[in-house]
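The values are calculated or read from the model by the stated rules, or taken from the named source; none is laboratory data. Quick caveat: nothing in here was measured; it's all calculated off a predicted structure. Here the Cβ positions follow ideal geometry from the backbone for every residue, glycine too, while neighbour counts run over all protein chains shown.
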Amino acid sequence: MGKAGLGIEIRNRLQNHALTDVASVRYDLFHYWKQKKEASAIWEDWLIKNVVEPSTKLPEPVKNGQPMSFGLRDDAFDKG
């Protein structure tokens, strides 16, 4: 989450880490919903760009240095 640019305070709140200092327990009763929502959107964007999209671009299977063929046409799974 730090790589996505989220600060430690909002990361702790977003992950529901227990904040045990006196100010957090007794005085800071604000729920931070808006900040958590904004941080969740930033985290979601980062995950999509850095985890989801790269994993959808799988390399072609190779055996003995040659591309493997599975006997399927390029349009084998087209619904049209």
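Values computed for the structure shown
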quantity: Residues of the range 18-30 satisfying the condition of being surrounded by 11 or more Cβ atoms within 10 Å (Cβ to Cβ) and of a type outside the set (D, E, K, R); calculated: Leu19, Ser24, Val25
quantity: Every residue from the range 5-29 that is assigned to a loop (DSSP other than H, G, I, E, B) and at pLDDT 90 or above; calculated: Gly5, Leu6, Gly7
